[in-house]
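A.B. asks: Just dropping this structure here.
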Amino acid sequence: MARTTIKDVAKAAGVSIATVSNVINGRSGKVNSNTAQRILAIAEELSYHRNLNAASLKTGNSHMIWVIMPKHTIHPHNQLEDSPFFNDLLMGIEKGASRSELYFCFMRIADVDELKRLSIGAAPRGVIVVGIFPPSIEQFIANWSFNTLIIDNRQMLLDNPEAQHLRHFGVDDYQMGRMAAEYLLSLGHRHLVLLFAPVELSVVHRDRYRGVCDALAEVAQTSHYLVECECSLSAADQCFSQIQQQLNYRASAVLTMADVLALGCHRAAIRRGLRIPEDFSLIGMDNLSLLSYLPYRLTTISQQVSQRGYQAVLTLLNGESEASAMEGLLPRLIEGDTCAPKK
């Protein structure tokens with residue numbers, strides 16, 4: 001079937017091509033609001049998508065980068081809205097966009113209709129996708145033509161191998177999990193509590209969990225007890241009774257999937273009169289910037305989140321491979337005050 005053109009939209013709406021062009025390029029202030037709404041509705045009905053090649057020839061490259069992530073209503077465990085991780089990532093993206101003389105627009109997406117309305121408007125220079133979306137939204141992203149970088153969701157590329165405009169940008173989460181477990185093992189800990197966001201929710205969660213389990217499997221007489229909760233301070237506090245049961249039994253360390261869970265665990269322990277690392281060792285992952293404001297140093301595995309955001313923009317614009325873009329961003333251990341040798 002022939003591609004719908006701007007002429008088709010103008011004809012169906014009974015307006016000039018210039019009027020349609022004004023509306024879809026964000027200049028709707030020049031057009032009556034009722035007419036603008038009607039044009040957008042017709043463009044959506046006809047499945048019109050802006051021709052990026054023609055637009056770039058006429059107006060040059062867009063100066064906008066979209067950063068899209070799911071609204072919390074999509075999945076109850078999606079805590080990115082309140083996540084310090086996302087704040088660090090966004091800070092790096094803003095830095096990269098600014099140094100590239102670009103603007104960025106951050107949007108939370110709830111359904112395909114929102115993406116449809118975006119796709120008939122002014123075209124972005126590129127798109128950065130953060131978080132896990134329902135299949136319908138991921139399929140729509142896989143079918144559009146915008147240069148798109150996927151953060152920490154390699155499964156989306158595996159599900160859409162034909163989408164040449166999609167690229168992935170993620171750290172080695174398996175190695176992060178393995179590194180955290182190996183460090184605790186080197187201190188003599190053999191029985192661990194693992195505090196994770198739901199493992200089946202994300203490839204990131206699964207890879208970190210797999211890295212931990214593989215490291216434990218290589219050492220004799222080890223065990224672990226998995227506690228799953230939302231990735232938030234309060235959730236870690238609420239499930240601490242499960243953690244404490246295992247600490248009272250034989251566990252001597254808590255390995256958390258993310259710093260925010262480690263901070264929640266630390267707060268819950270202090271409230272209950274426990275001492276860290278005297279009563280148990282605690283390790284996180286990510287090395288978020290907020291850790292520098294704490295009165296103690298959390299032992300963690302660094303993935304340089306802000307720098308990743310900055311590098312993601314350069315990768316999106318310059319077409320670097322994932323391997324070259326991630327050079328210098330390898331996970332590394334940050335030794336703090338929250339781990340000690342097993343007594």
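The values are calculated or read from the model by the stated rules, or taken from the named source; none is laboratory data. Since we're looking at a predicted model, the values are computed, not measured. Methodologically, a virtual Cβ is constructed for each residue, glycine included, from the backbone with ideal geometry; neighbour enumeration extends over all protein chains shown. Keep in mind that these areas ignore ligands, DNA and RNA; they rest on the heavy atoms of the full protein, side chains included. Shrake-Rupley method; radii C 1.70, N 1.55, O 1.52, S 1.80 Å.
A.B. asks: Out of all the residues in the range 142-157, which are within 21 Å of Ser83 (Cβ to Cβ) and either modelled with pLDDT under 85 or in a helix (DSSP H, G or I) (or both)?
C.D. replies: Hits for the range 142-157 are Arg154, Gln155, Met156.
A.B. asks: Could you tell me which residue of the range 162-213 is nearest to Val227 (Cα to Cα), considering only residues that are among the aliphatic types (A, V, I, L, M) and modelled with pLDDT under 95?
C.D. replies: Checking each candidate, the answer is Ala197.
A.B. asks: Could you list all residues from the range 169-182 that are part of a helix (DSSP H, G or I) and either among the basic types (Lys, Arg) or open to solvent by 30 Å² or more (accessible area, probe 1.4 Å) (or both)?
C.D. replies: Start the filter on the range 169-182 by keeping residues that are part of a helix (DSSP H, G or I), which leaves 173-182.
Within the range 169-182, Tyr174, Gln175, Arg178, Met179, Glu182 meet the criteria.
A.B. asks: Filter the range 121-141 for residues that are aliphatic (A, V, I, L, M) and in a loop (DSSP other than H, G, I, E, B) and give the result. Show your work before the answer.
C.D. replies: Looking only at the range 121-141, we keep the residues that are aliphatic (A, V, I, L, M), and these are 122-123, 127-130, 132, 137, 141.
Within the range 121-141, Ala122, Ala123, Ile132 qualify.
A.B. asks: Could you tell me which residue of the range 60-89 is modelled with the lowest pLDDT, considering only residues that are of a type in the set (A, V, I, L, M) and either in contact with a Cys (Cβ under 8 Å, 6 or more places away or on another chain) or under 16 Å from Phe133 (Cβ atoms) (or both)?
C.D. replies: Step by step, filter the range 60-89, then rank; the result is Leu80.
A.B. asks: Is it the case that Leu115 is open to solvent by less than 10 Å² (accessible area, probe 1.4 Å), in contact with a Lys or Arg (Cβ under 6 Å, 6 or more places away or on another chain) and over 30 Å from Ser281 (Cβ atoms)? Break it down stepwise before answering.
C.D. replies: Numbers: open to solvent by less than 10 Å² (accessible area, probe 1.4 Å): yes; in contact with a Lys or Arg (Cβ under 6 Å, 6 or more places away or on another chain): no; over 30 Å from Ser281 (Cβ atoms): yes.
Taking the combined requirement at face value, the residue does not satisfy it.
A.B. asks: Just a yes or no: is a residue in the range 305-317 modelled with pLDDT under 85, of a type outside the set (A, V, I, L, M) and farther than 17 Å from Met257 by Cβ?
C.D. replies: Scanning the range 305-317 turns up no residue that is modelled with pLDDT under 85, of a type outside the set (A, V, I, L, M) and farther than 17 Å from Met257 by Cβ.
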